[in-house]
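Q: First the structure, then my questions, so here it is.
The values are calculated or read from the model by the stated rules, or taken from the named source; none is laboratory data. Here the structure is a predicted model, which is why all the values come from computation and not from measurement. As a convention, Cβ positions derive from the backbone with ideal geometry for all residues, glycine included, and neighbour counts pool all protein chains shown.
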2 protein chains.
Amino acid sequence: MDKEFSNIRIVDIAKMAGVSVGTVDRVIHNRGRVSEENRKKVQAILEMVHYQPNLMARSLAASKKQYHLLAVTPSFVQGEYWEAISEGIDKAASEMESYNITITKLFFDQYNNKTFDDIIRNLLHEKVDGVLIATLFTDSVIRLSQELDRNEIPYVYVDSNIGGQHQLAYFGTESYDAGVIAARLLMDRLSSSSDILMARIIHSGKNDSNQGKNRREGFCHYLTQTGFNGNLHEVELKINDSVYNFMKLDEIFEANPNINGAVIFNSTCYILGNYLKARGMQSVKLVGYDLIGRNTQLLSEGVITALIAQRPERQGYEGVKSLCNHLLFKQNSEKVNLMPIDILLKENLKYYLNNKL
Amino acid sequence: MDKEFSNIRIVDIAKMAGVSVGTVDRVIHNRGRVSEENRKKVQAILEMVHYQPNLMARSLAASKKQYHLLAVTPSFVQGEYWEAISEGIDKAASEMESYNITITKLFFDQYNNKTFDDIIRNLLHEKVDGVLIATLFTDSVIRLSQELDRNEIPYVYVDSNIGGQHQLAYFGTESYDAGVIAARLLMDRLSSSSDILMARIIHSGKNDSNQGKNRREGFCHYLTQTGFNGNLHEVELKINDSVYNFMKLDEIFEANPNINGAVIFNSTCYILGNYLKARGMQSVKLVGYDLIGRNTQLLSEGVITALIAQRPERQGYEGVKSLCNHLLFKQNSEKVNLMPIDILLKENLKYYLNNKL
DNA sequence: CTGAAAGCGCTTACAG
DNA sequence: CTGAAAGCGCTTACAG
């Protein structure tokens, strides 16, 4: 690089422009109150020398400033998927504490759009400098985004992306490809005439998530492409009703003994896994998503064949970090940040459990 | 946490102890020249309030200090494995530039122990504040480590670990398990009575690396455990002699038509892949290591079935970072840092290529 | 609109 | 052994 310009300070710029450091500072930050003439002069020099602010000095000098962030994500009980995103947020929060950034986590019910709307109604009643949003309810998120735009408050998305908005950045995966990969993992271990069972969870509050829908599409696309000629069966299960689930599964497996593979497009793979384990059906290959405790346990026992993961901790962590970098250092990250789609087998699981970021 | 103590400064400590900030600073950094009485008084208060230094202020104040790091790794031509580690080092170097840390990369020939010894002989002729070492030549690395210990210069290992030394940290993988995983990936797609070909590269200068040996052991262990009853064949190839390689491979495949799987325990998987591709032998499953360009190309074409990767960029990056954190902030990382063992298929490859850290 | 000065929390000579 | 003072590069009132 231009080594000769690598240590230029504001005082140097000020001298070169024949103004004071205050004026240079005002130009750098567009604080106004500078004559057009001086602004131009300073701007020209800034560009000429490729001025790079000293970030340590900047944050030290501004260290009395307070920032307040909000993170709006689904609530969870211990061991559920959304806990991982929350952990990433906490990690970033604790790292940024010394910069006087505080972060408030607001939780909504992922099966109830209204709980999300209730939160965003009161969101701006106090001072907010940035918002991280889990984008489960598309329409509501768009409404929130537009309001944040009006108030010039930056925001980032995690989980799934939404086009046409002004989010600072998105951190998440390509769900469609995550579905393709599930199919690949299953079909590598099945003959193309085996039957496959696709399970889904039914909820009163909400239909399938975008994630689930996209994964399912990718999954089916792969099967079609690769000449799958078995039958696809579907079953609807309930999140908290094992008796019901076992009954339904008994029914469908008895009626279709050719089912040798199963998949479920969210983190509740353990429901199917527990059934297969209880019934001693080791021969059925099972693929699911997310490294939550109940899944990893069954993976390491060999009941689940493979899990697909998408670095939820990192989504939360980098989401918060990108807001902080924007606020503190005016540094913007990429607008779309796709996490790797990790393939977990029993054999490489342990190296992921301590390496979540 | 102790919120009440969260913003205690050196001046506060000084007042509480009835001394000057200079004395507090001397105690914090063990700079000596403090009476035992004052040292104790200050130390007690430091502990009582859980003093946390302000890192920004510290680095700003010390920003005139210069640090010089060394990175000793194998030389490479473009697209070879060691380029990735080097990229990670460069990334960290550019981030740390503003802290006045410079890093000099020294390269040795990975097939010639003497070139490593030549480097370490002259290593300490100038001022060095930390060293990153690629641990290919165990005995020489131990000798170097002991000399660094004598000079109280911190050092970190990458690639493979060595016990009994005082390295600040190690960044790398568990090669044995990486071998297990290769076997799992292959056997998931083969019948247990298929034959398997293990290829190795022969060099004049050096026998098999630790990495390669460990991976091979893990691989064979998995086969034994899972009741593999095909035959294992071995072939020795040359790194730059396609004519020779094709001849040897033609020979062995013709003699053993039951070979349906192949593996090679280093990054030269493309040699086998190019052969299989040229001969149109799509049915042979091939598993190898490392996301170098020639491998990823064949993976995306479907010639290579799976690649196993171990985040070399991150090894270099975090290795340098841990030296810097030690020097600048007296923060030490974990002593052993095992990278995830990533499983790459054609379908998830692209999400790793832009996510190397 | 402009500049001089104080301050952020730490480290570094320096005088005693 | 100890302390007062200057300085790191930036931001923030404040006076004009």
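Q: Let me confirm something: among B:L272, B:L286, which residue is in contact with a Cys (Cβ under 9 Å, 6 or more places away or on another chain), buried (at least 22 other Cβ atoms within 10 Å of the Cβ) and not in a loop (DSSP other than H, G, I, E, B)?
A: Selected residue: B:L286, the only one of B:L272, B:L286 that is in contact with a Cys (Cβ under 9 Å, 6 or more places away or on another chain), buried (at least 22 other Cβ atoms within 10 Å of the Cβ) and not in a loop (DSSP other than H, G, I, E, B).
Q: Additional query: Can you name the number of the only condition in (1) within 16 Å of DNA strand D (Cβ to nearest atom); (2) surrounded by fewer than 17 Cβ atoms within 10 Å (Cβ to Cβ); (3) away from chain A (no Cβ under 14 Å) that B:I13 fails?
A: B:I13 satisfies all of (1) within 16 Å of DNA strand D (Cβ to nearest atom); (2) surrounded by fewer than 17 Cβ atoms within 10 Å (Cβ to Cβ); (3) away from chain A (no Cβ under 14 Å) except (2).
Q: Test each condition in (1) over 30 Å from B:D129 (Cβ atoms); (2) in contact with a helix residue (DSSP H, G or I) (Cβ under 7 Å, 6 or more places away or on another chain); (3) without any contact (Cβ under 8 Å) to a residue 24 or more places away in the chain for B:N355 and report the one that comes out false.
A: (2)
Q: Turning to a different aspect of this structure: Just name the residue that is nearest to DNA strand D (Cβ to nearest atom) out of those in region A:21-51 that are surrounded by 14 or more Cβ atoms within 10 Å (Cβ to Cβ) and outside any helix (DSSP H, G or I).
A: Filtering region A:21-51 for residues that are surrounded by 14 or more Cβ atoms within 10 Å (Cβ to Cβ) and outside any helix (DSSP H, G or I), the one nearest to DNA strand D (Cβ to nearest atom) comes out as A:Y51.
Q: Which numbered condition trips up A:I8, out of (1) within 12 Å of DNA strand D (Cβ to nearest atom); (2) β-branched (V, I, T); (3) more than 13 Å from every other protein chain (Cβ to nearest Cβ)?
A: Result: A:I8 passes all but (3).
Q: With more than 13 Å from chain A (Cβ to nearest Cβ), within 28 Å of B:N274 (Cα to Cα) and among the hydroxyl-bearing types (S, T, Y) as the only criterion, which of B:S322, B:S300 stands out?
A: Sole residue among the options that is more than 13 Å from chain A (Cβ to nearest Cβ), within 28 Å of B:N274 (Cα to Cα) and among the hydroxyl-bearing types (S, T, Y): B:S300.
Q: What's the number of the only condition in (1) more than 14 Å from chain B (Cβ to nearest Cβ); (2) over 28 Å from A:D149 (Cα atoms) that A:A61 fails to meet?
A: Checking A:A61 against (1) more than 14 Å from chain B (Cβ to nearest Cβ); (2) over 28 Å from A:D149 (Cα atoms), the one that fails is (1).
Q: Could you pull out the residue among A:V42, A:V34, A:V27 that is farther than 26 Å from A:R311 by Cα and either within 8 Å of DNA strand C (Cβ to nearest atom) or touching a Phe, Trp or Tyr at 6+ places or on another chain (Cβ under 9 Å) (or both)?
A: A:V34
Q: Hey, another quick one. Within region B:71-94, can one find any residue that is more than 12 Å from DNA strand D (Cβ to nearest atom), hydroxyl-bearing (S, T, Y), farther than 18 Å from B:Q331 by Cα and exposed (fewer than 14 other Cβ atoms within 10 Å of the Cβ)?
A: yes
Q: Now a separate question. Which one is nearest to A:A178 (Cα to Cα) among residues in region A:217-242 that are out of contact with any Ser or Thr (no Cβ under 9 Å at 6 or more places or on another chain) and among the charged types (D, E, K, R)?
A: Selected residue: A:E234.
Q: Among the helices (runs of 4 or more DSSP H) confined wholly to region A:138-231, which include 2 or more residues that are within 13 Å of chain B (Cβ to nearest Cβ) and in contact with a helix residue (DSSP H, G or I) (Cβ under 8 Å, 6 or more places away or on another chain)?
A: A:175-187, A:210-225
Q: How many residues are more than 8 Å from every other protein chain (Cβ to nearest Cβ) and out of contact with any strand residue (DSSP E or B) (no Cβ under 6 Å at 6 or more places or on another chain) if we restrict to region B:325-340?
A: Here the count works out to 8.
Q: Would you pick out the residues in region B:25-67 that are under 30 Å from B:S94 (Cβ atoms), of a type outside the set (A, V, I, L, M) and in contact with a helix residue (DSSP H, G or I) (Cβ under 6 Å, 6 or more places away or on another chain)?
A: Matches in region B:25-67: B:S59, B:Y67.
Q: Of the conditions (1) in contact (Cβ under 8 Å) with a residue 40 or more places away in the chain; (2) more than 16 Å from DNA strand D (Cβ to nearest atom), B:R58 satisfies every one except a single condition; which number is it?
A: The single condition B:R58 does not satisfy is (2).
Q: Under 7 Å between Cβ atoms, which residue pairs at least 6 apart in sequence (or on different chains) link something in region B:85-96 that is within 9 Å of B:A71 (Cβ to Cβ) with a partner that is of a type in the set (S, T, N, Q) and not in a helix (DSSP H, G or I)?
A: From region B:85-96, the pairs are B:I85/B:T73; B:S86/B:T73.
Q: Sticking with this structure for a sec: Just checking, does region B:341-350 include any residue being more than 12 Å from every other protein chain (Cβ to nearest Cβ) and not in a strand (DSSP E or B)?
A: For region B:341-350, residues more than 12 Å from every other protein chain (Cβ to nearest Cβ) and not in a strand (DSSP E or B): absent.
Q: If A:N354 satisfies all but one of (1) at the interface with chain B (Cβ under 8 Å from one of its Cβ atoms); (2) touching a Lys or Arg at 6+ places or on another chain (Cβ under 9 Å); (3) not charged (D, E, K, R), what's the number of the condition it fails?
A: (2)
Q: What residue, of A:I239, A:I259, A:I264, is touching a strand residue (DSSP E or B) at 6+ places or on another chain (Cβ under 6 Å), assigned by TED's automatic domain parsing to the domain that holds A:Q211 and at pLDDT below 95?
A: Just a single option satisfies the conditions, and that option is A:I239.
Q: Now, a different point. Just need a number here: residues in region A:250-269 that are part of a helix (DSSP H, G or I) and farther than 28 Å from A:Q310 by Cα.
A: Residues flagged as part of a helix (DSSP H, G or I) and farther than 28 Å from A:Q310 by Cα within region A:250-269 amount to 6.
Q: Something else now. Restricting attention to region A:301-357, and to residues there that are under 20 Å from the mean Cα position of the chain (by Cα) and among the small types (G, A, S), which single residue is surrounded by the fewest Cβ atoms within 10 Å (Cβ to Cβ)?
A: Filtering region A:301-357 for residues that are under 20 Å from the mean Cα position of the chain (by Cα) and among the small types (G, A, S), the one surrounded by the fewest Cβ atoms within 10 Å (Cβ to Cβ) comes out as A:S333.
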